[in-house]
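Only one structure is covered here, and it is reproduced in the block below.
Laboratory data are not the source of any read-out in this text; all were calculated from the coordinates shown. Remember, it's a predicted structure, so these values are computed and weren't measured experimentally. A quick note on method: Cβ atoms are made from the backbone with ideal geometry, for glycine too, and the neighbour counts reach across all protein chains shown.
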Amino acid sequence: MTNILICLFSTIGALAILFASIGILRMPDFYLRLSVTVKAATLGVGLLLACAAFFFPDVSVTTKAIAIVFFLILTSPVAAHMIGRTAYHTGTPTWKGTLLDELDEDYRIQRAGQLEDANKEAAAQAQERQEREKDAD
């Protein structure tokens, strides 16, 4: 019975990782590639670690496999979110077929506020320079 589970889980896990690698090649932009890769690779690695837990009857191996799967499931979506958000802030282009950018308005308002603050700061620095130049003359 465990051999059947190991064969089933390892096949599904390997296929999930294969789909993740195909997704890297087939998806049109960075954001879709990131999404496909993280989801499929997390599933694939989780299933392969479950195979390791079934194959080795030792409790320490099973405990380590469960801990790794837990932290993988916990950290992969957070890391993907941060990578995607950083890519968005740095201006990584989206696919030309993207219909809706829900973040554009929110970040446009935020960027405008930052730009306004930067302009005020630059104006204050220019005024200070002019005053120093007048005092030096």
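In straight-distance terms, cross-link reach from K96 covers every one of the lysines whose alpha-carbon lies under 25 Å from its own, apart from those fewer than eight places away in the same chain; here that gives K39.
Under the combined filter of DSSP loop state and at most 12 neighbouring Cβ atoms within 10 Å, segment 54-106 retains these chymotrypsin sites (Phe, Trp or Tyr not before Pro): W95. Suppose R0 equals 25 Å. What FRET efficiency, 1/(1 + (r/R0)^6) with r the Cβ-Cβ distance, do T86 and S21 give to the nearest 0.05? After rounding to 0.05, the efficiency reads 0.60. Extending 7 Å from the Cα toward the beta-carbon at both T75 and D135 defines two label points whose distance is 5.2 nm. The peptide list 123-135, 38-50, put in order of mean Cβ contacts within 10 Å with the highest first, becomes 38-50, 123-135.
For the chain, the Kirkwood hydrodynamic radius from C-alpha pairs, put into Stokes-Einstein at 20 °C and a viscosity of 1.002 mPa s, yields a diffusion coefficient of 112 µm² per second. If R0 equals 30 Å, the separation of the Cβ atoms of A14 and E105 corresponds to a calculated FRET efficiency of about 0.10. Our helix-only sum for the chain, with -39,500 (n - 2.57) per DSSP H run of n ≥ 4 divided by its residues, gives a mean residue ellipticity at 222 nm of -31000 deg cm²/dmol.
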